[in-house]
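All of the numbers you see were taken from the coordinates with simple rules; none came from a lab. In this text the structure is predicted, and so the values were computed from the model without any measurement. Cβ coordinates were reconstructed from backbone atoms using ideal geometry, including for glycine residues, and neighbour counts include every protein chain displayed.
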Amino acid sequence: MSTLTDLPNIGPRIAQQLAAIGVTTPAELHALGSKTAFQKIKAQDNTACIQQLYSLQGAIENQKYTQLADQTKTDLTLYFRSLS
């Protein structure tokens, strides 16, 4: 996979948000991690929602966000709430 939009859950909007924070390749997203990437996106776009966080993690795991493990969703939910 050479572009972000080749990853599951990453459409043009999230790819654009990632580019705005300096993430332009799947490898850069993997290296940064979903939480840090989301935190940077949220700093620029206060409307960023938990589904975007799930989408980033799903992209890193190469699966649809709806298939994330329950424990992963719980961890991400707690992280999302801590940002508020």
Problem - Structure-derived Kirkwood radius over Cα pairs in Å: which label, when the choices are (1) 12.5; (2) 13.3; (3) 14.2 - result: (1)
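Apply the membrane-span-like helix rule to the chain: whole DSSP H runs, Cα extent along the own long axis of at least 27 Å, mean Kyte-Doolittle hydropathy at least 1.6. List the helices found.
Helix filter hits for the chain: none.
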Fill in the blank from the handout: Relative contact order of the chain (C-alpha contacts under 8 Å, at least 6 apart) in percent is 31
Fill in the blank from the handout: For L7, the net charge from surrounding residues (Cβ-Cβ under 13 Å; K, R +1; D, E -1) works out to -2
Problem - Ellipticity estimate at 222 nm from DSSP helix runs (n ≥ 4, -39,500 (n - 2.57)) divided over the chain, nearest 500 - result: -18500 deg cm²/dmol
